[in-house]
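Reading through the structure tokens given below for one structure.
The values are calculated or read from the model by the stated rules, or taken from the named source; none is laboratory data. Since the model is a prediction, treat every value here as computed from it, not as a measurement. So basically every Cβ, Gly included, is an ideal-geometry build from the backbone, and we count neighbours across all protein chains shown.
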Amino acid sequence: MAPLKSGIKLKGRLKRYVQTSLYLGFLLIAVNLLVYLLSVPAGLVVTGFAVLYFGVVLSLQFYSKPVIINELVSFATQYGQIQRVLLREFMIPYAILDDEGYIIWTNRAFEKAVHKEKGYRKSITSLFPSITREKLPGETEFAEVNLTFEDNFYSAKMRKIPMRDMVDSSDIVEAEEYKGYLVAFYLFDETALKIALKEVEDQSLAVGLIYLDNYDEALESVEEVRRSLLIALIDRKINKYIAAQDGICKKMEKDKYMVVLRRKAAEVLQEEKFDILEEVKTVNIGNEMAVTISIGLGVDGYTYAQNYEFARNAIDLALGRGGDQAVVKTPKNITYFGGKSQQVEKNTRVKARVKAQALREIISSKERVLIMGHRIPDADSFGAAVGIYRIAKTLDREAHIVLSGVGATIQPVLDLFKSHEGYRDSVIIDGQQAMELAGSNTVLVVVDVNKPSITECPELLRICKSIVVLDHHRQGSEAVENATLSYVEAYASSTCEMVSEILQYIGESIRITAEEANCMYSGMMIDTNNFTAKTGVRTFEAAAFLRRNGADVTKVRKLFREDAIEYKTKADAVSQAEIYKHAFAISICKSENIQSPTIVGAQAANELLNIKGVKASFVLTDYQNQVFISARSIDEVNVQVIMEKMGGGGHLGIAGCQLTGVSVFEGIGLLKGTLDKMINEGDLVID
């Protein structure tokens, strides 16, 4: 091996090791001088040895050092080749990218994983579309992306390799302030891990509760000798449905079941949209009333106890929304299925009496009562507030109605309330005044709304510790939390009907004035569209109670007469309606020169239901930089579910929503898109 040029020198420990023999030679010279002092012949002998020693050492220094350097360089070269081979044969897919994301070099494992030959030099995005240039490590040193490729799951980890030092030390390139870099790209196959985790997740338990909505009513509608057969058929239907999914169903009470399923089975039930809801209705052995059920399912909880708590919350939501539906609750969201039947009115008033007594105790324990409805209040919201105000005054408690804005629609009702002798200016207060009065000795009664975000003053819900909720709207995902008393009945025609019943059980000494009775009667009349929609026996009984207390039908009718402009606007909305899919009437209500265009829009939606073939009507109104949608139906379409898809809610036959940041025509597009999607997914059926 030819010696290398003398420009290469040893350093470090190896240099010190090689020079040690030379240092020992200098020590030998010093010893030789000492020997001369003792004996000259002996000194001559040592001198001869020193000359021989230096000859050998110097010859090794000049002839062996280049050989050592050549061997070291050869080893380093072979070591680098070994490293390159090892990296090339590395079992983890590995590639080097430039700062634009183009592939520069790949190893065999990478080529095998992506099925490409050596020398593939295209962009990494061509292989993995989810890895765009923005996801490459630029400002950060590291980046990680989860991706899929040919049914395999990978975790792609990328590390930035700055090129500044290499450019500075290069003899062939030169660049000032160079900021280029390479990217080391690693692919970690997580397919087996994902499959294992999915298997574990699918095998985790889900807890469900199944309640019969109208158990007593259904049994009463069938002959006594057939009742046991009806119960047996329902039990068999439910148990067979759960057993088909390898689940366990245990009857806890006469009308309640507990269900345990695998999570995978719960997903299957959701994909099938809980068809048991419709199957149970087919059980008929002469019963006049079809049996309906409600299902609450808790999934993905951290513990079994949490899944059970989710199931309890879900069944409460299902019942609060009117029954005949399934609700699936997870830590992140709530999903609704079904809800196509009108809830049956309960004949018994036991619940109303119990709630009335509870309300009496709560109000009696506090010094002050604040009564709050929803924003842009209607006659039902204000009428119910008037009823609660009378209860509070009868119990000798200070009471205030929170009312920040008054529309033209309820202005006549408000004037009527103010006209009675006992009215004081301090009864009606705004939200700011209410917050100043709120405290630990105050009870807040929320009427005609159970969604905190649309109440008159949401801040009051956070300030007041004692809260009562009275509402007839179906519950949604958003609800008033930690309510001391919650009385939400979706079968009630209006909140005024509920308050009228409570008034009859709150105490014998209660007396309402004719003006207050008219306010409550007007709320019932508006919400039932002059007692033609969603009325039952208890609705007319409540109306009769108000009539006995001085409600004047003629006076109430005069309160809601329309002016000519509003009437013409409503007529225009009806005349210009578009019949979409031969089943849905969609129109626009103008808001110019109209004090309460949303009310006019709602009235137009009611009118559109009188058209033959129309299953649901939707009227859009542009008002206060928002688009209000009033949705109405009779019995064939659940407009509540449609509006919930668009961020709203309501009843099966009366619902609405508010859209922000869109025009009326964009709102129509969103509405049609929602209808098309629900029809395609089977959530809406049109003949």
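Things worth noting here:
- Test: ILE401 is assigned to a helix (DSSP H, G or I) and hydrophobic (A, V, I, L, M, F, W, C): no
- Yes/no for LYS250 being farther than 23 Å from HIS473 by Cα, part of a helix (DSSP H, G or I) and not hydroxyl-bearing (Ser, Thr, Tyr): no
- Of the set (1) surrounded by fewer than 17 Cβ atoms within 10 Å (Cβ to Cβ); (2) modelled with pLDDT under 90, all apply to GLN306 but (2).
- Within region 239-264, residues that are on the phi > 0 side of the Ramachandran plot and without any contact (Cβ under 8 Å) to a residue 40 or more places away in the chain have Cβ atoms under 6 Å from residues that are surrounded by fewer than 16 Cβ atoms within 10 Å (Cβ to Cβ) and not β-branched (Val, Ile, Thr) in no pair, counting only partners at least 6 apart in sequence or on another chain.
- Taken over region 543-595, the criterion of being aromatic (Phe, Trp, Tyr) and outside any loop (DSSP other than H, G, I, E, B) is satisfied by PHE545, TYR567, TYR580, PHE584.
- Among the candidates ALA542, ALA517, residue that is buried (at least 23 other Cβ atoms within 10 Å of the Cβ), in contact with an Asp or Glu (Cβ under 6 Å, 6 or more places away or on another chain) and closer than 30 Å to VAL354 by Cα: ALA542
- Contacts under 8 angstrom Cβ, first residue in region 405-424 being in contact (Cβ under 8 Å) with a residue 40 or more places away in the chain, partner aliphatic (A, V, I, L, M) and assigned to a loop (DSSP other than H, G, I, E, B), 6 or more apart: GLY407/ILE376
- Matching residues in region 223-266 - criterion: being surrounded by fewer than 16 Cβ atoms within 10 Å (Cβ to Cβ), charged (D, E, K, R) and under 30 Å from the mean Cα position of the chain (by Cα): ASP246, LYS256
- The requirement of being over 21 Å from MET524 (Cα atoms) and not basic (Lys, Arg) is fulfilled nowhere in region 373-390; no residue meets it.
- Pairs linking a residue in region 488-509 that is farther than 9 Å from ALA542 by Cβ to a residue that is modelled with pLDDT of 85 or more and surrounded by fewer than 24 Cβ atoms within 10 Å (Cβ to Cβ), with Cβ atoms under 6 Å and 6 or more positions apart or on different chains, are ILE502/ALA356; TYR505/ARG353; TYR505/ALA356; ILE506/ALA356; ILE506/ARG360.
- Considering residues of region 476-503 that are assigned to a loop (DSSP other than H, G, I, E, B) and not small (Gly, Ala, Ser) only, the residue farthest from ILE388 (Cα to Cα): GLU478
- Selected residue (criterion: farthest from GLY601 (Cα to Cα)) from residues of region 559-579 that are modelled with pLDDT of 90 or more and buried (at least 17 other Cβ atoms within 10 Å of the Cβ): ALA577
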